Structure formats: C-alpha cells, structure tokens
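The values are calculated or read from the model by the stated rules, or taken from the named source; none is laboratory data. No experiment lies behind these values; they were computed from the predicted model shown. In this analysis, Cβ positions are derived from the backbone assuming ideal geometry, glycine residues included, and neighbour counts consider all displayed protein chains. Please note that ligands, DNA and RNA were not included when accessible areas were found on the heavy atoms of the full protein model with its side chains. Shrake-Rupley method; radii C 1.70, N 1.55, O 1.52, S 1.80 Å.
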Amino acid sequence: MGKGSEWAYETDVLVIGSGAGALTAAVRARDLGAEVLVIETTAQYGGTSAMSGGVLWLPNSPLIAGSGGNDSAEEGKRYLESVVDEPALRDRIHAFVDNIPPFIEFIHSATHLRFAVLPQFPDMYPDNPDAKMHRCHEALPFHARVLPDQEVLALRPQHPQTALFGRIGWTPSESLVLQARAPGWQKVAFSMVARYLLDLPWRRRSLRDRRLVLGGALVGALRRSMLDRRIPLWLDTPFESFIRDDSGAIAGVVARRDGVSARIRARKGVILASGGFEKSDAMRRRFLAQPTDARWTAGAPGNTGEVIEAAEALGARLEFMDEGWWG
C-alpha cells in the first residue's frame, strides 16, 4: 500500500483496462522491471478482446514462411500506407510493421500465448498489389485448467454466436470446416462435443468451456502470464479521474474500489487501454453518423468512453473517432 494517507496504493505503471493490449503491456512492463497494477471497470476481465475472434493481422511475421507464405516489411508497409492513405501516420505504420518480429519473439518466449498463421484468410483489400494471404494469425487454444477456477469464471465469455451450440468454443480453422461442412466436419464436431462433455469434474460446476479459443485464448494465456509474475488485477474498479502533480504531469488516477474513491499513484506512467465508446449514447451522437444507438453494438459493457473523454480534457488529440468495426 502507499505511504502515508495521500495515496491508497502506489505502483510504477498503472494499466487501465484488461483486454489483450492491456495485459500484454502489463506483462512487458513487469519484465522490464516495473511494478504493475491493472484495473478493470467491470466484474469480468478481457473486454472486447475476450469476446472477439482473437485474430491478429501481423505483416512481416516470422511465422509466415513456415506456413508456406512469404512477406516482407517493405510489402507490409506499402500495403498499409496504400489502404490507410494518411501520410502523417507513416512513422507509426513503419514502427508497427518493423516491430512484429520482436513482438512475436517476446510473446512466444515470455508468455503462454502462441500464434499460428491462418493461410486461408486474405487481407481486407485483396485486390491491393501488396495484399497477401498469410498475414492473419490466430491464438492457439489455451486450456484454462492452468488457471484458478475463479479466474476462469471471471474471464468475460465469448459471444454465443461464436461457439458451437452457444457453449463449445471453436477455433477459426474449425469454424471453416464446420460452417462449410468440409470433409471430416462430423469428426471435428464430435470431438469438440466429446471433449466438452468429458471435462470432469469441471462440467459439474460450470457450463463454461475451459478450452479457450479465439479472444478467450488471447486473454486467458496472458492472464496466466500475469499470474506467473504476481501482477494484481483489480476488478470492479472504474476509473474516475486523473491526478496531476505540481508540474502538471500525470501522477496517478482516482478509481472507485469497494465503493470508495481511491488515489492510485503511478510513479512511471499510466497506460490507457480501456477500449472504445460504443456503449455511450452521448459519445456516439458526438462522433458517429446518425442515427445511432448504444444498443447496436457487440462490444464489451465497460466500453463507455470515460477514459477517452478524460484524456481529451488533458489535451490528448483524438483521431479516427468516426471509424469502427462495422457489421
């Protein structure tokens, strides 16, 4: 706990949010020697990441060659610069593409998360001259038997429509076989159902599938990596405001914990990874085309945008606020 009465808690790095990006940042910061705390608004961790398909688009990935594909940093950069068409983002695009190999090296060497290429998945703009087939990567299944039971139950579940019978998880590769009724689909379906039913004694306790796939595999594997490092995760701890020091720099935040506003000091920085604003009618009216409604979303319940608004009030510049993953 913090020293004296000014701070309820002190840490080096405070991460707001508990999706895949947030948990990756927490693990990386800890491995660089920082003390870390992660706070999550809701009673379940994982956010939209845990509800998602868990597929990452990773150009210039070292895993591509092993799957029979080919790619280069130059092709990935040209593709992104062409489809994004924002010259001001050139440096950011280059940094993203150049850091894919060290990112995968870190994930595979330091965490429980593993990626595999999805060779059947094309780029979003397949007619682009620099488009490729092997850039989409799935998180390999992660069995939650290595997580404490309470951690399994606190992981935000995937959408029912992304599971067999609304309960049994399938990977992107398995979904292609089942939905197309490709050769062997009956064997795949039978093995999935049998594995689910035979997960005893867990089956007597919960209907949750402990074979985590899609976004659940992303988040579950990273949560196990956090537990290995004893990184605390506080659920039901919504952000309230930033705290500035005498120089104007961010010294920490106020968050509500156990019904009380608590001052949390972040000696080295605060990482904002709290998701979007799709659950906020006010922000949707401000940024999105009309008509719009917060009920029209498959996003996580905690994505209500308060952290974005607080950052904007500090002077943070917002971009692409009218963009979304539309369906």
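Some notes on this structure:
- Among the trypsin sites (Lys or Arg not before Pro) in the range 168-215, those placed in a DSSP loop whose Cβ has at most 14 other Cβ atoms within 10 Å are Arg181.
- Dimensions of the range 1-156 based on its C-alpha atoms, expressed as ranges along the principal axes with the largest first, amount to 60, 39, 27 Å.
- Dipole of the chain, positive direction: furthest Cα of Gln150, Ala300, Ala266, with charges on the beta-carbon: Gln150
- Rounded to whole Hz, the Karplus (6.51, -1.76, 1.60) HN-Hα couplings of the range 25-32, x for glycine and proline: 4, 5, 5, 5, 4, 5, 5, 8
- Loop-located trypsin sites (Lys or Arg not before Pro) across the range 212-264 with a Cβ neighbour count of 10 or fewer within 10 Å are Arg230, with loop assigned by DSSP.
- Mean separation of Cα contacts under 8 Å, 6 or more apart, over the residue count of the range 1-139: relative contact order %: 21 percent
- Fraction of accessible area attributable to carbon and sulfur, the range 167-270 (%, probe 1.4 Å): 53 percent
- Using the Karplus relation 6.51 cos²θ - 1.76 cosθ + 1.60 with θ = phi - 60°, the per-residue 3J(HN,Hα) values for the range 116-128 come to 9, 6, 9, x, 7, 8, x, 5, 5, 10, x, 7, 5 Hz, with x marking Gly and Pro.
- The GluC sites (Glu not before Pro) of the range 240-327 that DSSP puts in a loop, and whose beta carbon has at most 16 other beta carbons within 10 Å, are Glu319, Glu323.
- Kirkwood estimate for the range 107-196, i.e. one over the average of 1/r between Cα atoms, Å: 15.5 Å
- Placing +1 on each Lys and Arg Cβ and -1 on each Asp and Glu Cβ, with no other charges, gives the chain a dipole about its Cα centre of roughly 1480 debye.
- Beta bridges per DSSP, both residues in the chain: antiparallel share near 60 percent.
- Sequence-distant contacts, meaning Cα pairs under 8 Å at least 6 residues apart, place the relative contact order of the range 264-327 at 35 percent.
- The range 64-80 versus the range 238-271: alpha-carbon centroid distance in Å: 41 Å
- Each listed q (0.08, 0.11, 0.13, 0.14 Å⁻¹) maps to a log10 I(q)/I(0) for the chain from the Debye sum over equal C-alpha point scatterers, namely -0.41, -0.80, -1.13, -1.30.
- Within the range 60-82: backbone nitrogen closer than 15 Å to the Tyr125 label point (7 Å, Cα to C-beta): 75-82
- Dipole axis of the range 190-327 (+1 Lys, Arg; -1 Asp, Glu on Cβ), positive-most option in Gly324, Ala255, Ala310: Ala255
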